[in-house]
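Reviewing the structure listed below.
The values are calculated or read from the model by the stated rules, or taken from the named source; none is laboratory data. As the structure is a computational prediction, the values presented were derived from the model and not from experiment. Here Cβ is always computed from backbone atoms with ideal geometry, including for glycine, and neighbour counts include all displayed protein chains. Side chains included, ligands, DNA and RNA excluded: accessible areas come from the protein's heavy atoms. Shrake-Rupley method; radii C 1.70, N 1.55, O 1.52, S 1.80 Å.
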Amino acid sequence: MCAVVGLLTQASVSFAANGDSEGRPNFVFILADDLGYGDLGCFGRTDIKTPNLDRLASQGVRLTNHYANGAECTPTRAAFLTGRYQQWIGGLECAIGTGNVGRYDDAVRLRETNDLGLPADELTIGQLLQKSGYRTAITGKWHLGYETKFAPHHHGFDRTFYCIGGGMDYFHYLDTVAGYNLFRQGQPIASQGYFTDLATDEAIEFLNDQSTQTPFFLYLPYTCPHSPFQGPDDDQANPLPLDSPLWNQGNAPPETYIAMIEHMDRRIGDILETLDRHGFANDTIVIFASDNGGTKSARNAPLSGHKGSTFEGGIRVPGIIRWPGRIEPNTESDIPCLTFDFTRSIAELSGVKRNDGKSFEGIDIVGQVSSDRKFPGRQLFWRKQRGEKVWKAVREGSLKYVSEAAPNKSSEFLFDLSQDIAEKRDLRVERPLDFERLKSAYDHWESTTRRDRRGRP
(Lines give C-alpha, C1' and ligand atoms only; values in the text may rest on other atoms or scores of the structure.)
Protein backbone atom coordinates (compact mmCIF):
# COMPACT_ATOMS: atom_id res chain seq x y z
CA MET A 1 0.00 0.00 0.00
CA CYS A 2 2.82 2.42 0.82
CA ALA A 3 4.19 2.11 -2.72
CA VAL A 4 0.82 3.09 -4.12
CA VAL A 5 0.53 6.12 -1.84
CA GLY A 6 3.98 7.19 -2.90
CA LEU A 7 3.06 6.99 -6.56
CA LEU A 8 -0.08 8.97 -5.95
CA THR A 9 1.83 11.68 -4.11
CA GLN A 10 4.27 11.97 -6.99
CA ALA A 11 1.34 12.32 -9.41
CA SER A 12 -0.12 15.18 -7.34
CA VAL A 13 -3.59 13.68 -7.45
CA SER A 14 -6.41 16.02 -6.48
CA PHE A 15 -10.07 15.30 -5.91
CA ALA A 16 -13.39 16.85 -4.93
CA ALA A 17 -12.96 19.45 -2.21
CA ASN A 18 -15.54 17.91 0.10
CA GLY A 19 -13.61 14.60 0.17
CA ASP A 20 -16.57 12.65 1.57
CA SER A 21 -19.46 10.63 0.20
CA GLU A 22 -21.94 13.50 -0.13
CA GLY A 23 -23.06 13.78 -3.73
CA ARG A 24 -20.61 11.13 -4.93
CA PRO A 25 -22.17 7.99 -6.40
CA ASN A 26 -20.95 4.44 -6.04
CA PHE A 27 -19.79 2.57 -9.13
CA VAL A 28 -20.18 -1.08 -10.11
CA PHE A 29 -18.56 -2.00 -13.43
CA ILE A 30 -19.36 -5.53 -14.62
CA LEU A 31 -17.33 -6.78 -17.58
CA ALA A 32 -18.08 -10.00 -19.47
CA ASP A 33 -15.32 -11.79 -21.39
CA ASP A 34 -15.79 -12.51 -25.12
CA LEU A 35 -19.54 -11.88 -25.01
CA GLY A 36 -21.00 -11.36 -28.47
CA TYR A 37 -22.99 -8.29 -29.48
CA GLY A 38 -26.12 -10.40 -29.89
CA ASP A 39 -25.68 -12.75 -26.93
CA LEU A 40 -28.20 -11.11 -24.54
CA GLY A 41 -31.97 -11.09 -24.67
CA CYS A 42 -32.02 -7.29 -24.64
CA PHE A 43 -29.72 -7.33 -27.69
CA GLY A 44 -31.85 -9.77 -29.65
CA ARG A 45 -30.94 -13.32 -28.60
CA THR A 46 -33.94 -15.55 -27.92
CA ASP A 47 -32.37 -18.88 -26.95
CA ILE A 48 -30.37 -17.47 -24.02
CA LYS A 49 -32.37 -16.21 -21.05
CA THR A 50 -30.83 -13.14 -19.40
CA PRO A 51 -33.67 -11.65 -17.33
CA ASN A 52 -31.44 -9.73 -14.93
CA LEU A 53 -29.39 -7.98 -17.60
CA ASP A 54 -32.55 -7.40 -19.60
CA ARG A 55 -34.12 -5.76 -16.53
CA LEU A 56 -30.97 -3.72 -15.95
CA ALA A 57 -31.25 -2.43 -19.51
CA SER A 58 -34.94 -1.64 -19.06
CA GLN A 59 -34.09 0.39 -15.95
CA GLY A 60 -31.48 2.46 -17.77
CA VAL A 61 -29.95 2.96 -21.19
CA ARG A 62 -28.94 0.39 -23.78
CA LEU A 63 -25.85 1.47 -25.73
CA THR A 64 -26.27 0.16 -29.26
CA ASN A 65 -23.05 1.70 -30.59
CA HIS A 66 -20.75 0.74 -27.75
CA TYR A 67 -17.26 -0.52 -28.55
CA ALA A 68 -14.46 -2.17 -26.64
CA ASN A 69 -11.16 -0.29 -26.78
CA GLY A 70 -9.48 -3.44 -28.04
CA ALA A 71 -10.27 -6.48 -30.14
CA GLU A 72 -8.89 -8.66 -27.34
CA CYS A 73 -9.05 -8.54 -23.57
CA THR A 74 -5.77 -7.08 -22.23
CA PRO A 75 -5.95 -3.87 -24.32
CA THR A 76 -9.50 -3.03 -23.23
CA ARG A 77 -8.69 -3.57 -19.57
CA ALA A 78 -5.63 -1.32 -19.83
CA ALA A 79 -7.67 1.41 -21.52
CA PHE A 80 -10.42 1.21 -18.90
CA LEU A 81 -8.08 1.51 -15.94
CA THR A 82 -5.94 4.33 -17.39
CA GLY A 83 -8.74 6.13 -19.23
CA ARG A 84 -6.44 6.42 -22.25
CA TYR A 85 -5.66 4.51 -25.42
CA GLN A 86 -3.64 1.43 -24.49
CA GLN A 87 -1.14 2.26 -27.25
CA TRP A 88 0.44 4.89 -24.99
CA ILE A 89 1.57 2.19 -22.56
CA GLY A 90 3.44 -0.17 -24.86
CA GLY A 91 3.24 -3.97 -24.99
CA LEU A 92 -0.50 -4.19 -24.31
CA GLU A 93 -1.99 -3.90 -27.80
CA CYS A 94 -3.02 -7.55 -27.81
CA ALA A 95 -3.70 -10.10 -25.10
CA ILE A 96 -0.74 -11.22 -23.00
CA GLY A 97 -0.18 -14.84 -24.01
CA THR A 98 -0.95 -17.70 -21.64
CA GLY A 99 1.96 -18.20 -19.28
CA ASN A 100 3.21 -14.62 -19.72
CA VAL A 101 4.11 -14.63 -23.41
CA GLY A 102 4.69 -11.53 -25.53
CA ARG A 103 2.87 -11.84 -28.84
CA TYR A 104 4.34 -9.01 -30.91
CA ASP A 105 7.60 -7.05 -31.07
CA ASP A 106 7.06 -4.59 -28.20
CA ALA A 107 5.50 -7.23 -25.98
CA VAL A 108 8.35 -9.66 -26.67
CA ARG A 109 10.90 -6.95 -25.87
CA LEU A 110 9.21 -6.08 -22.58
CA ARG A 111 8.77 -9.72 -21.61
CA GLU A 112 12.53 -10.28 -21.93
CA THR A 113 13.07 -7.84 -19.05
CA ASN A 114 10.01 -8.99 -17.06
CA ASP A 115 8.22 -5.72 -17.85
CA LEU A 116 5.18 -7.02 -19.75
CA GLY A 117 2.18 -5.61 -17.87
CA LEU A 118 0.53 -2.44 -16.64
CA PRO A 119 3.26 -0.45 -14.84
CA ALA A 120 2.49 0.78 -11.33
CA ASP A 121 3.45 4.31 -12.37
CA GLU A 122 0.56 4.42 -14.86
CA LEU A 123 -2.10 6.36 -12.97
CA THR A 124 -5.38 4.40 -12.84
CA ILE A 125 -8.95 5.23 -11.97
CA GLY A 126 -8.59 2.81 -9.06
CA GLN A 127 -5.76 4.87 -7.57
CA LEU A 128 -7.64 8.12 -8.10
CA LEU A 129 -10.78 6.83 -6.40
CA GLN A 130 -8.87 5.14 -3.58
CA LYS A 131 -6.94 8.30 -2.79
CA SER A 132 -10.14 10.36 -2.80
CA GLY A 133 -11.81 8.17 -0.17
CA TYR A 134 -13.53 5.43 -2.15
CA ARG A 135 -13.39 1.82 -1.03
CA THR A 136 -12.23 -0.20 -4.03
CA ALA A 137 -12.27 -3.85 -5.10
CA ILE A 138 -11.61 -6.07 -8.09
CA THR A 139 -13.08 -9.57 -8.12
CA GLY A 140 -12.61 -11.39 -11.41
CA LYS A 141 -10.14 -11.36 -14.29
CA TRP A 142 -7.00 -9.20 -14.26
CA HIS A 143 -4.83 -10.15 -17.31
CA LEU A 144 -2.59 -7.08 -17.04
CA GLY A 145 0.66 -8.71 -16.02
CA TYR A 146 1.89 -11.88 -14.30
CA GLU A 147 4.68 -10.43 -12.13
CA THR A 148 3.71 -9.34 -8.62
CA LYS A 149 4.73 -5.75 -9.41
CA PHE A 150 1.77 -5.57 -11.81
CA ALA A 151 -0.78 -6.94 -9.35
CA PRO A 152 -4.05 -4.99 -8.88
CA HIS A 153 -3.30 -3.98 -5.30
CA HIS A 154 -0.58 -1.76 -6.80
CA HIS A 155 -3.22 -0.06 -8.96
CA GLY A 156 -5.60 1.26 -6.33
CA PHE A 157 -7.66 -1.76 -5.29
CA ASP A 158 -8.12 -2.35 -1.56
CA ARG A 159 -9.57 -5.82 -2.04
CA THR A 160 -8.36 -8.12 -4.82
CA PHE A 161 -9.39 -11.61 -5.89
CA TYR A 162 -8.60 -12.53 -9.46
CA CYS A 163 -7.65 -14.76 -12.34
CA ILE A 164 -4.19 -13.52 -13.23
CA GLY A 165 -4.21 -14.57 -16.89
CA GLY A 166 -6.51 -14.82 -19.87
CA GLY A 167 -8.55 -17.88 -19.01
CA MET A 168 -8.50 -20.86 -16.69
CA ASP A 169 -10.36 -24.04 -15.74
CA TYR A 170 -13.42 -22.68 -13.91
CA PHE A 171 -13.07 -25.33 -11.16
CA HIS A 172 -9.34 -26.06 -10.89
CA TYR A 173 -7.90 -22.64 -11.94
CA LEU A 174 -5.25 -24.01 -14.31
CA ASP A 175 -4.59 -22.61 -17.77
CA THR A 176 -3.53 -24.33 -21.00
CA VAL A 177 0.11 -24.57 -19.90
CA ALA A 178 -0.87 -25.93 -16.46
CA GLY A 179 -0.17 -22.58 -14.78
CA TYR A 180 -2.14 -21.76 -11.63
CA ASN A 181 -4.21 -18.59 -11.99
CA LEU A 182 -6.18 -17.86 -8.78
CA PHE A 183 -4.63 -14.95 -6.83
CA ARG A 184 -5.22 -12.43 -4.06
CA GLN A 185 -2.97 -9.44 -3.30
CA GLY A 186 -0.31 -10.70 -5.69
CA GLN A 187 -0.14 -14.24 -4.26
CA PRO A 188 -1.70 -17.56 -5.32
CA ILE A 189 -4.47 -18.85 -3.06
CA ALA A 190 -6.44 -22.07 -2.70
CA SER A 191 -10.20 -22.20 -3.13
CA GLN A 192 -13.07 -24.42 -4.26
CA GLY A 193 -15.96 -23.72 -6.55
CA TYR A 194 -16.99 -22.36 -9.94
CA PHE A 195 -15.09 -19.17 -10.69
CA THR A 196 -18.16 -17.19 -11.74
CA ASP A 197 -19.59 -17.98 -8.31
CA LEU A 198 -16.35 -17.25 -6.46
CA ALA A 199 -15.98 -13.83 -8.11
CA THR A 200 -19.62 -12.98 -7.40
CA ASP A 201 -19.52 -14.15 -3.80
CA GLU A 202 -16.37 -12.12 -3.22
CA ALA A 203 -18.07 -9.07 -4.74
CA ILE A 204 -21.12 -9.56 -2.50
CA GLU A 205 -18.87 -9.83 0.57
CA PHE A 206 -17.29 -6.53 -0.42
CA LEU A 207 -20.71 -4.91 -0.83
CA ASN A 208 -21.85 -6.30 2.52
CA ASP A 209 -18.92 -4.51 4.16
CA GLN A 210 -19.84 -1.10 2.71
CA SER A 211 -21.94 1.67 4.22
CA THR A 212 -23.87 4.64 2.92
CA GLN A 213 -21.26 6.91 4.50
CA THR A 214 -18.34 5.95 2.24
CA PRO A 215 -18.55 5.60 -1.54
CA PHE A 216 -17.28 2.45 -3.24
CA PHE A 217 -16.02 1.24 -6.60
CA LEU A 218 -16.49 -2.42 -7.49
CA TYR A 219 -14.84 -3.76 -10.65
CA LEU A 220 -16.29 -7.20 -11.46
CA PRO A 221 -14.68 -8.58 -14.65
CA TYR A 222 -15.97 -12.12 -15.18
CA THR A 223 -14.11 -14.73 -17.25
CA CYS A 224 -17.49 -15.81 -18.66
CA PRO A 225 -18.05 -16.88 -21.43
CA HIS A 226 -14.33 -17.20 -22.27
CA SER A 227 -13.09 -20.75 -22.80
CA PRO A 228 -12.75 -23.35 -21.40
CA PHE A 229 -16.43 -23.97 -21.90
CA GLN A 230 -17.66 -25.24 -18.56
CA GLY A 231 -21.06 -24.68 -17.04
CA PRO A 232 -21.69 -24.45 -13.28
CA ASP A 233 -22.51 -28.18 -13.09
CA ASP A 234 -19.52 -29.42 -15.08
CA ASP A 235 -17.08 -29.97 -12.21
CA GLN A 236 -14.84 -33.04 -12.45
CA ALA A 237 -12.35 -34.54 -10.04
CA ASN A 238 -9.38 -33.67 -12.24
CA PRO A 239 -8.56 -30.51 -14.21
CA LEU A 240 -9.45 -30.35 -17.88
CA PRO A 241 -6.83 -32.04 -20.06
CA LEU A 242 -4.59 -29.47 -21.70
CA ASP A 243 -5.69 -30.73 -25.10
CA SER A 244 -9.41 -30.76 -24.32
CA PRO A 245 -11.56 -29.36 -27.17
CA LEU A 246 -13.34 -27.25 -24.53
CA TRP A 247 -10.36 -24.86 -24.67
CA ASN A 248 -11.10 -24.09 -28.34
CA GLN A 249 -12.59 -20.59 -28.28
CA GLY A 250 -14.34 -20.98 -31.60
CA ASN A 251 -16.12 -24.27 -30.94
CA ALA A 252 -18.20 -24.09 -27.78
CA PRO A 253 -20.87 -26.74 -27.20
CA PRO A 254 -24.00 -24.59 -27.64
CA GLU A 255 -25.74 -25.88 -24.51
CA THR A 256 -22.65 -25.17 -22.39
CA TYR A 257 -22.23 -21.67 -23.82
CA ILE A 258 -25.86 -20.93 -22.97
CA ALA A 259 -25.51 -22.35 -19.45
CA MET A 260 -22.44 -20.18 -18.76
CA ILE A 261 -24.13 -16.94 -19.78
CA GLU A 262 -27.40 -17.75 -18.04
CA HIS A 263 -25.54 -18.52 -14.82
CA MET A 264 -23.57 -15.27 -15.05
CA ASP A 265 -26.89 -13.46 -15.47
CA ARG A 266 -28.30 -15.16 -12.34
CA ARG A 267 -25.28 -14.10 -10.32
CA ILE A 268 -25.48 -10.53 -11.65
CA GLY A 269 -29.03 -10.65 -10.32
CA ASP A 270 -27.56 -11.46 -6.89
CA ILE A 271 -25.30 -8.39 -7.15
CA LEU A 272 -28.28 -6.18 -8.01
CA GLU A 273 -30.31 -7.68 -5.15
CA THR A 274 -27.46 -6.94 -2.75
CA LEU A 275 -27.42 -3.30 -3.85
CA ASP A 276 -31.18 -3.16 -3.23
CA ARG A 277 -30.96 -4.87 0.16
CA HIS A 278 -28.40 -2.41 1.49
CA GLY A 279 -30.15 0.64 0.07
CA PHE A 280 -27.29 1.34 -2.35
CA ALA A 281 -29.17 1.04 -5.65
CA ASN A 282 -30.34 4.64 -6.03
CA ASP A 283 -26.85 5.98 -5.36
CA THR A 284 -25.00 3.46 -7.51
CA ILE A 285 -24.17 3.64 -11.21
CA VAL A 286 -24.12 0.11 -12.62
CA ILE A 287 -22.33 -0.40 -15.94
CA PHE A 288 -22.21 -3.60 -17.97
CA ALA A 289 -20.18 -4.34 -21.11
CA SER A 290 -17.90 -6.92 -22.74
CA ASP A 291 -14.12 -6.66 -23.15
CA ASN A 292 -14.18 -7.40 -26.89
CA GLY A 293 -16.41 -8.89 -29.54
CA GLY A 294 -17.57 -12.48 -29.43
CA THR A 295 -15.61 -15.47 -30.68
CA LYS A 296 -16.92 -17.80 -33.37
CA SER A 297 -18.86 -19.47 -30.53
CA ALA A 298 -20.84 -16.27 -29.93
CA ARG A 299 -23.67 -14.61 -31.80
CA ASN A 300 -22.45 -11.31 -33.19
CA ALA A 301 -25.37 -10.86 -35.61
CA PRO A 302 -25.96 -8.63 -37.47
CA LEU A 303 -22.25 -7.79 -37.39
CA SER A 304 -19.43 -9.35 -39.39
CA GLY A 305 -16.16 -10.60 -37.94
CA HIS A 306 -15.32 -11.79 -34.45
CA LYS A 307 -12.84 -11.38 -31.60
CA GLY A 308 -9.40 -10.33 -32.78
CA SER A 309 -10.46 -8.31 -35.80
CA THR A 310 -11.47 -4.67 -36.15
CA PHE A 311 -14.58 -5.50 -38.12
CA GLU A 312 -17.67 -4.66 -36.06
CA GLY A 313 -18.02 -8.17 -34.66
CA GLY A 314 -14.56 -7.95 -33.11
CA ILE A 315 -15.06 -4.67 -31.27
CA ARG A 316 -18.75 -3.69 -31.00
CA VAL A 317 -20.24 -5.11 -27.80
CA PRO A 318 -23.36 -4.80 -25.66
CA GLY A 319 -23.35 -1.86 -23.25
CA ILE A 320 -25.77 -0.95 -20.44
CA ILE A 321 -25.79 1.87 -17.86
CA ARG A 322 -28.26 2.22 -14.97
CA TRP A 323 -28.45 5.28 -12.72
CA PRO A 324 -31.87 5.58 -11.06
CA GLY A 325 -33.32 9.08 -11.14
CA ARG A 326 -30.65 10.36 -13.54
CA ILE A 327 -30.91 8.13 -16.60
CA GLU A 328 -34.40 7.60 -17.96
CA PRO A 329 -35.57 3.96 -17.96
CA ASN A 330 -36.10 2.12 -21.24
CA THR A 331 -33.84 4.44 -23.20
CA GLU A 332 -31.48 3.70 -26.04
CA SER A 333 -28.38 5.58 -27.18
CA ASP A 334 -26.71 5.23 -30.56
CA ILE A 335 -23.78 7.49 -29.61
CA PRO A 336 -20.56 5.72 -30.63
CA CYS A 337 -18.65 5.16 -27.39
CA LEU A 338 -15.63 3.28 -26.06
CA THR A 339 -14.76 1.47 -22.83
CA PHE A 340 -12.63 4.37 -21.58
CA ASP A 341 -15.67 6.65 -21.77
CA PHE A 342 -16.86 4.84 -18.64
CA THR A 343 -13.57 5.85 -17.01
CA ARG A 344 -14.09 9.50 -17.87
CA SER A 345 -17.63 9.35 -16.48
CA ILE A 346 -16.45 7.77 -13.23
CA ALA A 347 -13.80 10.49 -12.86
CA GLU A 348 -16.26 13.31 -13.62
CA LEU A 349 -18.98 12.04 -11.28
CA SER A 350 -16.61 11.24 -8.41
CA GLY A 351 -14.84 14.57 -8.73
CA VAL A 352 -11.35 13.09 -9.06
CA LYS A 353 -8.80 14.89 -11.22
CA ARG A 354 -5.42 13.89 -12.53
CA ASN A 355 -2.45 16.25 -12.51
CA ASP A 356 0.12 13.88 -14.01
CA GLY A 357 0.43 15.77 -17.29
CA LYS A 358 -2.00 13.43 -19.03
CA SER A 359 -5.72 13.61 -19.65
CA PHE A 360 -8.63 11.20 -19.88
CA GLU A 361 -9.25 10.61 -23.57
CA GLY A 362 -12.85 9.49 -23.36
CA ILE A 363 -16.06 11.47 -23.06
CA ASP A 364 -18.41 11.52 -20.09
CA ILE A 365 -20.85 9.05 -21.60
CA VAL A 366 -23.03 8.93 -18.46
CA GLY A 367 -23.42 12.69 -18.55
CA GLN A 368 -24.07 12.51 -22.27
CA VAL A 369 -26.95 10.03 -22.06
CA SER A 370 -28.44 11.58 -18.90
CA SER A 371 -28.76 15.08 -20.38
CA ASP A 372 -29.93 16.84 -23.52
CA ARG A 373 -26.46 18.08 -24.42
CA LYS A 374 -25.55 17.75 -28.07
CA PHE A 375 -23.01 15.06 -28.85
CA PRO A 376 -19.99 16.82 -30.43
CA GLY A 377 -18.78 13.89 -32.54
CA ARG A 378 -15.22 12.53 -32.65
CA GLN A 379 -12.98 9.92 -34.21
CA LEU A 380 -12.50 6.52 -32.56
CA PHE A 381 -9.36 4.44 -33.18
CA TRP A 382 -8.31 0.82 -32.87
CA ARG A 383 -5.01 -0.97 -33.42
CA LYS A 384 -4.22 -4.60 -32.64
CA GLN A 385 -0.99 -6.33 -33.50
CA ARG A 386 -0.20 -10.00 -33.10
CA GLY A 387 3.00 -11.28 -34.60
CA GLU A 388 3.50 -9.32 -37.82
CA LYS A 389 -0.21 -8.93 -38.52
CA VAL A 390 -1.84 -5.60 -37.66
CA TRP A 391 -5.56 -4.81 -37.54
CA LYS A 392 -6.48 -1.12 -37.72
CA ALA A 393 -9.68 0.92 -37.74
CA VAL A 394 -11.05 4.42 -37.31
CA ARG A 395 -14.69 5.46 -37.04
CA GLU A 396 -15.97 8.97 -37.73
CA GLY A 397 -19.72 9.44 -37.69
CA SER A 398 -21.10 6.50 -39.62
CA LEU A 399 -17.96 6.06 -41.73
CA LYS A 400 -15.39 3.44 -40.80
CA TYR A 401 -11.94 2.67 -42.21
CA VAL A 402 -10.65 -0.87 -41.65
CA SER A 403 -7.25 -2.33 -42.48
CA GLU A 404 -5.79 -5.81 -42.14
CA ALA A 405 -2.05 -5.71 -42.81
CA ALA A 406 0.34 -8.66 -42.97
CA PRO A 407 3.85 -8.93 -44.49
CA ASN A 408 2.66 -10.52 -47.73
CA LYS A 409 -0.90 -9.26 -47.90
CA SER A 410 -2.94 -6.25 -46.88
CA SER A 411 -6.55 -5.19 -47.31
CA GLU A 412 -8.25 -1.84 -46.73
CA PHE A 413 -11.93 -0.97 -46.62
CA LEU A 414 -14.33 1.91 -46.17
CA PHE A 415 -17.85 1.29 -44.87
CA ASP A 416 -20.90 3.41 -44.10
CA LEU A 417 -22.34 1.74 -41.00
CA SER A 418 -25.60 3.67 -41.21
CA GLN A 419 -26.38 1.79 -44.44
CA ASP A 420 -24.23 -1.31 -44.00
CA ILE A 421 -23.84 -2.48 -40.40
CA ALA A 422 -22.63 -5.88 -41.62
CA GLU A 423 -19.72 -4.24 -43.53
CA LYS A 424 -20.47 -5.96 -46.83
CA ARG A 425 -20.12 -3.03 -49.24
CA ASP A 426 -16.65 -1.54 -49.59
CA LEU A 427 -16.87 2.15 -50.55
CA ARG A 428 -13.16 2.74 -50.97
CA VAL A 429 -13.42 3.31 -54.73
CA GLU A 430 -16.73 5.17 -54.63
CA ARG A 431 -15.63 7.63 -51.93
CA PRO A 432 -11.87 8.07 -52.34
CA LEU A 433 -11.69 11.40 -50.49
CA ASP A 434 -13.36 9.97 -47.39
CA PHE A 435 -11.13 6.91 -47.61
CA GLU A 436 -7.93 8.95 -47.76
CA ARG A 437 -9.09 11.33 -45.02
CA LEU A 438 -9.83 8.56 -42.54
CA LYS A 439 -6.68 6.65 -43.45
CA SER A 440 -4.62 9.82 -42.90
CA ALA A 441 -6.34 10.44 -39.56
CA TYR A 442 -5.50 6.90 -38.50
CA ASP A 443 -1.85 7.23 -39.54
CA HIS A 444 -1.51 10.45 -37.54
CA TRP A 445 -3.09 8.91 -34.44
CA GLU A 446 -0.90 5.81 -34.68
CA SER A 447 2.32 7.76 -35.05
CA THR A 448 1.39 9.93 -32.06
CA THR A 449 0.26 7.29 -29.57
CA ARG A 450 3.06 4.85 -30.36
CA ARG A 451 5.87 7.41 -30.43
CA ASP A 452 7.53 6.27 -27.17
CA ARG A 453 6.45 2.79 -26.16
CA ARG A 454 8.34 2.37 -22.89
CA GLY A 455 11.76 2.96 -24.33
CA ARG A 456 11.19 2.34 -28.03
CA PRO A 457 11.03 5.52 -30.13
Filter region 50-81 for residues that are among the small types (Gly, Ala, Ser), more than 16 Å from LYS392 (Cα to Cα) and over 9 Å from the mean Cα position of the chain (by Cα); which is surrounded by the fewest Cβ atoms within 10 Å (Cβ to Cβ)?
SER58
Residues of region 75-116 satisfying the condition of being within 19 Å of LYS358 (Cα to Cα) and not in a loop (DSSP other than H, G, I, E, B):
PRO75, THR76, ARG77, ALA78, ALA79, PHE80, LEU81, THR82, GLN86, GLN87, TRP88
Taking the conditions exactly as written (out of contact with any helix residue (DSSP H, G or I) (no Cβ under 7 Å at 6 or more places or on another chain) and on the phi > 0 side of the Ramachandran plot), does GLY357 satisfy them or not?
yes
Considering each residue of region 296-322, count those that are over 13 Å from GLY38 (Cβ atoms), open to solvent by less than 20 Å² (accessible area, probe 1.4 Å) and in a loop (DSSP other than H, G, I, E, B), and give that number.
3
Given the residues ARG103, ARG84, which is the only one that is in contact with a strand residue (DSSP E or B) (Cβ under 7 Å, 6 or more places away or on another chain) and open to solvent by 10 Å² or more (accessible area, probe 1.4 Å)?
ARG103
Can you go through ALA237, ALA203 and tell me which one is surrounded by fewer than 23 Cβ atoms within 10 Å (Cβ to Cβ) and of a type outside the set (Asp, Glu)?
ALA237
If you scan region 406-457, which residues turn out to be aromatic (Phe, Trp, Tyr) and assigned to a strand (DSSP E or B)?
PHE413, PHE415
Region 387-403, residues that are over 15 Å from HIS306 (Cα atoms) and within 20 Å of the chain's Cα centre (by Cα)
VAL394, ARG395
Report, by residue number, each residue of region 284-315 that is touching a His at 6+ places or on another chain (Cβ under 7 Å) and basic (Lys, Arg).
LYS296
Counting only residues that are charged (D, E, K, R) and at pLDDT below 95, give me the strands (runs of 3 or more DSSP E) lying completely in region 143-259 with at least 3 of them.
none
Only residues that are touching a residue at least 40 places away in the same chain (Cβ under 8 Å) and among the small types (Gly, Ala, Ser): list them for region 419-448, please.
ALA422, ALA441
Examine region 256-274 for a residue that is under 30 Å from ILE421 (Cβ atoms) and of a type in the set (Ser, Thr, Tyr), and state whether such a residue exists.
yes
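Quick test for you: out of SER371, SER410, pick the one residue that is of a type outside the set (Lys, Arg), within 19 Å of SER304 (Cα to Cα) and surrounded by 11 or more Cβ atoms within 10 Å (Cβ to Cβ). Please lay out each step first, then the result.
Values: SER371 fails: within 19 Å of SER304 (Cα to Cα).
Sole residue among the options that is of a type outside the set (Lys, Arg), within 19 Å of SER304 (Cα to Cα) and surrounded by 11 or more Cβ atoms within 10 Å (Cβ to Cβ): SER410.
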